[in-house]
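The values are calculated or read from the model by the stated rules, or taken from the named source; none is laboratory data. For clarity, every value in this text was computed on a predicted model and none was experimentally measured. Every residue, glycine among them, receives a Cβ derived from its backbone with ideal geometry; neighbour counts consider all protein chains shown.
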Amino acid sequence: MRRAFVVAVALAVAAPAFADSLLPAAELANTALPDAKQEAKAKALMTNLRCLVCQGQSIADSDAELAGDMRALVRRRIAAGEEPQAIRDWLIARYGNWVSYDPPLEPVTWPLWAAPLLLLGAGAWIARGRFRRRRVGPN
Amino acid sequence: MKTRTIRLILWAPLVLFLVFVGLFASGLIRPSSSTIRSKLIGQPLPEFALPAGVPGKPALARSDFTAGKPRLLNVFASWCVPCIAEAPQLVQLRDAGVEIDAIAIRDRSEDIAGFLARNGDPYARIGSDKDSSVQLALGSSGVPETFVIDGKGIIRHQHIGDIRPEDVPALLSAVQSAQ
């Protein structure tokens, strides 16, 4: 019983086994750029790019090695004077819109953008009906 | 409103709820596909030049892919377990006359040499991509992946994951149709 408990706890806290290389993280993966303005640009872009191997996270949040290499790529290009939008476009050309957390307005994505407005409109319409009924109603 | 319409409307929340339950259940039973295909299929291989992965074997650059013959470009790593599983299939492809080059991701030359000694060496050239930058330029999101490049340097096909024995005929025909 006790052994089963220990095994259960060990399984519960075990980290998933990522196949990782033996190389250290890329140079700019975890080091901020010396120029604070450039670093802010890079950071903003990183929180907007999806990690390719840990798909629920941005590359800014992920510890995966490929995410580190993507951060290094972003910092390297920002330091070289490239605009964040150009870097994002470069990645989208390779991985599709999927890689960005900022989906563009397209026929496929317009329901995504229209849904909040439609829901807000529907809510306003329902609320209007309710308020009016209360004002007019006898009770 | 008529009582009948109101009664029908009262069912709407339950119907909506069941629709959501269905959505969640289908998401749990069959999670959305997690393989990200490269968008560069049909486009030229990006420009790159990598240093040699192991001493005694040529390095790899884009210019190696424009010699007029289709080649396989295998993205692998010595620390990648599925890469061990696909090694016999790569040897089989090489024996069938397919020329294979490789990019080793985040690897050290002594580890690559050990991997080749253990699992066979089907590669004509190996480039070492220590910071995954060429992998990212290819639109590849993991190891192993295998690209079919035609004789003019255009990416024709991407195989994601390890090459199983049953994948070999499809890859052979992809190479043949890239002639």
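Scanning segment B:8-44 for residues that are aliphatic (A, V, I, L, M) and within 14 Å of another protein chain (Cβ to nearest Cβ) turns up B:ILE9, B:ALA12, B:LEU16, B:ILE36, B:LEU40, B:ILE41. Scanning segment B:59-109 for residues that are more than 22 Å from B:ASP167 (Cα to Cα) and of a type outside the set (Val, Ile, Thr) yields a total of 14.
Among the residues of segment A:33-53 satisfying the criterion of being at the interface with chain B (Cβ under 10 Å from one of its Cβ atoms) and either assigned to a loop (DSSP other than H, G, I, E, B) or modelled with pLDDT of 95 or more (or both), which is surrounded by the most Cβ atoms within 10 Å (Cβ to Cβ)?
A:LEU52
From the list B:ILE112, B:ILE103, B:ILE41, the lone residue that is aliphatic (A, V, I, L, M), under 18 Å from B:VAL143 (Cα atoms) and part of a helix (DSSP H, G or I) is B:ILE112. Applying the selection to segment A:68-101, what residues are of a type in the set (A, V, I, L, M, F, W, C), more than 10 Å from chain B (Cβ to nearest Cβ) and buried (at least 17 other Cβ atoms within 10 Å of the Cβ)? Answer for segment A:68-101, where residues must be of a type in the set (A, V, I, L, M, F, W, C), more than 10 Å from chain B (Cβ to nearest Cβ) and buried (at least 17 other Cβ atoms within 10 Å of the Cβ): A:VAL74, A:ILE78, A:ILE87.
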